[in-house]
Each structure stands twice: as C-alpha cells, then as structure tokens.
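Below is one structure, written out as structure tokens, with a few remarks after it.
The values are calculated or read from the model by the stated rules, or taken from the named source; none is laboratory data. Bear in mind that the values here come from a model prediction, so they are computed numbers and not experimental data. Cβ: placed from backbone, ideal geometry, glycine included. Neighbour counts: every protein chain shown.
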Amino acid sequence: MEEILYSIFGFLVAVGVLVTVHEWGHYAAARLVGVRVLKFSIGFGRSVWERSSGVDGTTYAIGIVPLGGYVKMLGEGTGDVLPGDAHRAFDKKPLWARAFIVSAGPVANLVLAVMIYWLVSLIGVVGLPPVVGSVQPDSVGKAAGFRIDDRILTVNAREVKTWGEHRLFMLSQVLAASPLHFEVEGDDEGKRRISVVTTGLAEQMTGPALFEKMLGIQPRLPTIPAVVGDVVPDSPAALAGLVVGDHILAIEGHKITDWRELVQQISTRADQEVVIEIDRQGMRQQRVVRPKGAKVGGVTVGRIGIAVMDVGEIFGDLPKAQYSLFPALLNGLERTWLTTTVTLRMAYRMILRDIGSENLSGPITIGHFAGQSARVGLVPFLVFLALVSVSLGVLNLLPIPLLDGGHLLYLLIEGVTGRPVPEKVMQGAQVLGGGFLAILFSLAFYNDVTRLISL
C-alpha cells in the first residue's frame, strides 16, 4: 500500500510540475508578444479552483483531471474578436510571434531539465566506485578485455568518478553505433585501453537500457552483512519474532555470510517453513518463518519482509560526481542534449523496429518510477523529473497534429505557401493525429499492464 501511495504522490507531483512549466512557457511567450490570455488551466474538466486577476482578467484554474493543461488565448478559436482587440489576438500576430508562442511550451520543459541537471550536478550524485566486480562469460565486455577488479578511469576521454556517471553518454553511443573507448587500471598492472564495438548492441535492449546487460560487466559491491535493518509489520518475519538488529547466521543449517546469500536462500523457499538461526545481542536463537511467495519477472520467489541496514552505514564513504558552478551548468546542458538525442534515436529505432516497442512506457510505469525515485531521495526524484521533462518537450515538438509540433508544421506550411492551412485540412489532420496518439498511448498502457502482471 505504501508503494502505491508513493507512486501516486510522485506521479501527481511530477505531472503537476511539468505541465505547469510547459503551459507557463506558452503563457509567458503570449504575454511577451502582446497576446491576451483568457485562461491558464492546470488540468482539464470542471475547475476545483478558479480565480481571475490582472488587467486582462485572465482566469487561472486547476481542473479536476490532473493529466495536462492548456492556455486559451484571444483569437484562438474563441469567437469573434472586437476590432479594438485585434492587435491582441493570437491569429492576428505575425508568423514568427505565433511560432514563438507555440514552441515556448516544449522549450520551457527543456530549460527546466537544464536547471534540474545543473542543480543535481552542484549537489553531487553518490555512486558505487567504478570497479568491475564480475564479467559474464561470452559477453561483449569479456571479449573486449575487461577483468574483475579493473578500475575504469575514463570512457571516451571522460573522467569516471562513479559507476553510473556516464551511463547516459554510453547509451547515446550505443544507439549511434559509435565505439566506446575505456581506460582501465588493474590491481596487478598499469593502465591499458579497451575498445568496445557497439554495433548491434541496441537491438538487444528489452526494457531499461542498462549498459551492464549489454556489455556483460557488473560493479563490485561492498559486502552487505545479513543484519536486519527493518521489519515490515504483519510480515512473515514480524510474525516469526525477528527484530531490527538481528544478525542472521544460518538458514536450515546453511551458513549465511552476507545479505546476498540470505536473499538467495529465502527466495528459493517460498511457502515453506524455514528454521533461521540468529544472533541477538550475543545470544544465539532460532526462529521459524514461512516466506511468502511473490511473482518477480514471472517467477515465484520467497520474501519474509525484512530490509537491509542503512546504506550509508554499509557502504561508508562512496565517491561523488560533483561539479562547481560553471562546469555544473555545462554538465546540465550536455545531459539535456544527450537525453534529447537518446529519446529521438530510440523513437527512430522503434519506428525502424530495431528496438522492440516493449521499451515504450505509459503512465503506470512512469508513476512506478516516480514513486521509487521519491522514496530513495530528492536527487533521484529530480533526475527522474528532468528525464520526463525532456521526454515531454521532445514529444511535443514532433510534427504530429494535436501536439505543439503539429501547430508548428501548420505555421511552416503557411510561411512557405503564404496562406494558412485550410480549416478542413487541419480538422482531418487532427483526427489522424488523435488516432495515432491513441494507438501510441494504448500500446504504452498495454506494456504497463504487462509489466504489472509480471511483478
């Protein structure tokens, strides 16, 4: 229940912020070029809050359906415009002014992403050390020459501070089929260079594009002790009498050395009575627990409702990717650019069917990741917000009727031909665009439901 509440809260906050910024872009641009704004609404449908203010009497409202918003302007299908107000009507403004207003919404989303990435770069992102912990046999990474305990120093001449610091850059290289050049250093030898040919790796993407899956290398993880950090109320662990601080020594006589081994032993014993040996304040005790079966990736695994200790206590001092003021701004600009190009390349490859449509996500998945990032902390949620903001901005710039990009296409045609697009043509295009977006949304929603069922 808690996870669902976090997902709903995270989704509503994310949508509220992103829609407000998007519509504010249209609103601010309209006011800047002298267009009268009649209504500024966050959400659709009946207003739950409404207020009119300003010399123009603009109505500010919050709609009951929090899944979008709109800015209604004078001369934008709002009826006859009085001669005295013609200079303030949208449709009476020059072409450049109308294009400026239409494009300002998506641009505002991109600017928001730059600002968020800038802030995150100033705060710094803590991550795992860039040290290889495992290399899968017959993997791309194995063939390239990666070895266990290799410390990654640079990737394409970029300094690597943490394991996931340049994940977005590497993904962009994979999608562009460009090589990755690593500089690594082993424990028993000096520096060496490793080159990875990325051609064909993008076609292997089936879900979140984690380069660990494509390259076959994983980070080295600190040993996590099998000590209970939290107990879920009314869980099998709680019913068995386990408490915070219990050190799990053995399961069914099998010695437990770390948390990973504990999870492995519990996961294979769903709906079975299990004898757990613990150390509680220096005293050895036994508890009988019955792991509850749960579906994960279509497989039933056992869970008892305990959580690991505080990560900071386990990992100690972890490296941080952090920048000063101006380098942080440059990093924000670059990450926004990379996110934009990755989004466009993934869309292009989906159209070519090089990447499966199962990578497309809808509101349920977005809400899930919003909740997960919010639970982890402010910085992960901000990064998530920036990612979705870029996606919203890029999507709205696509030349699809009903979107801002579709309106820009109409204006482009008007600029080339010297005449507005006929009303009937726009109406027909709106129907086609609406149908395309409905299909796209249905596919994304289907993927969401499929992922939900497989959990």
Exclusive hit being within 18 Å of residue 302 (Cβ to Cβ) and surrounded by 13 or more Cβ atoms within 10 Å (Cβ to Cβ), set 278, 217, 194: 278
Near pairs, Cβ below 6 angstrom, 6+ apart or cross-chain, from the range 233-253 (modelled with pLDDT of 90 or more and of a type outside the set (Ser, Thr, Tyr)) to any residue that is in a helix (DSSP H, G or I) and surrounded by 12 or more Cβ atoms within 10 Å (Cβ to Cβ): 248/262; 251/265
Residue list for the range 254-267, filter: touching a residue at least 24 places away in the same chain (Cβ under 8 Å) and touching a strand residue (DSSP E or B) at 6+ places or on another chain (Cβ under 7 Å): 256, 262, 266, 267
Qualifying positions in the range 76-100 - surrounded by 15 or more Cβ atoms within 10 Å (Cβ to Cβ), touching a helix residue (DSSP H, G or I) at 6+ places or on another chain (Cβ under 7 Å) and either part of a strand (DSSP E or B) or modelled with pLDDT of 85 or more (or both): 90, 92, 98, 99, 100
So residue 144, is it assigned by TED's automatic domain parsing to the domain that holds residue 199, surrounded by fewer than 17 Cβ atoms within 10 Å (Cβ to Cβ) and modelled with pLDDT of 90 or more: no
Failed item, numbered, when residue 68 is tested on (1) part of a strand (DSSP E or B); (2) without any contact (Cβ under 8 Å) to a residue 24 or more places away in the chain; (3) surrounded by fewer than 18 Cβ atoms within 10 Å (Cβ to Cβ): (2)
Strands (runs of 3 or more DSSP E) completely within the range 238-299 that count 2 or more residues being among the β-branched types (Val, Ile, Thr) and within 22 Å of residue 221 (Cβ to Cβ): 247-251
Residue that is more than 28 Å from residue 381 (Cα to Cα) and in a strand (DSSP E or B), where the choices are 148, 152, 194: 194
Matching entry among 308, 342, 383 (being within 30 Å of residue 236 (Cβ to Cβ), surrounded by 15 or more Cβ atoms within 10 Å (Cβ to Cβ), at pLDDT 70 or above and not charged (D, E, K, R)): 308
Odd one out for residue 252 among (1) within 26 Å of residue 161 (Cα to Cα); (2) loosely packed, with under 14 Cβ neighbours inside 10 Å: (1)
Out of 128, 171, sole residue that is in contact (Cβ under 8 Å) with a residue 24 or more places away in the chain, closer than 27 Å to residue 215 by Cα and part of a loop (DSSP other than H, G, I, E, B): 128
